[in-house]
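See below for the structure under consideration.
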Amino acid sequence: MIKLHHLAVTSPSELELTFSDGSHGLWSAAALIARDTVLTKPLADPAYFARAFIEAGSLAWPNGLELAGWNLHRELADNGRLVAMRAA
């Protein structure tokens, strides 16, 4: 199963995500933030958004919001935003 391996905040609502298979991509949280729910509303604050961390291979925030690594991987792939690991 694909897991999230590393993340880096690149803007107030975007993260560079690297996965266990070596692939990576720029993920935008804009659609998630636009949902404006109890769990997603805090992400609109850039300081809070930047508190993202990895927990058991998933993307997470302190309020309990978690997004599965494999699902983020698939989302990036479906949108043509996933870059495969380079062959050695």
Considering the range 16-48, residues that are of a type in the set (A, V, I, L, M) and in a strand (DSSP E or B), and then whichever is nearest to the chain's Cα centre (by Cα), we arrive at 17
Members of the range 1-25 that are surrounded by fewer than 16 Cβ atoms within 10 Å (Cβ to Cβ) and among the aliphatic types (A, V, I, L, M): 1, 8, 9
Of everything in the range 26-55 that's touching a helix residue (DSSP H, G or I) at 6+ places or on another chain (Cβ under 7 Å) and not small (Gly, Ala, Ser), which residue is surrounded by the fewest Cβ atoms within 10 Å (Cβ to Cβ)? 48
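Yes or no, residue by residue, for (1) among the β-branched types (Val, Ile, Thr); (2) in contact (Cβ under 8 Å) with a residue 24 or more places away in the chain:
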| position | (1), (2) |
| --- | --- |
| 35 | no, no |
| 40 | yes, yes |
| 49 | no, yes |
| 54 | yes, yes |
| 58 | no, yes |
| 71 | no, no |
| 78 | no, no |
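Bear in mind that the values in this text are calculations on the coordinates, not laboratory data. The shown structure was predicted, so the numbers you read here are calculated from the model rather than taken from an experiment. Here the Cβ is made from the backbone with ideal geometry for all residues, glycine too, and neighbour counts use every protein chain on show.
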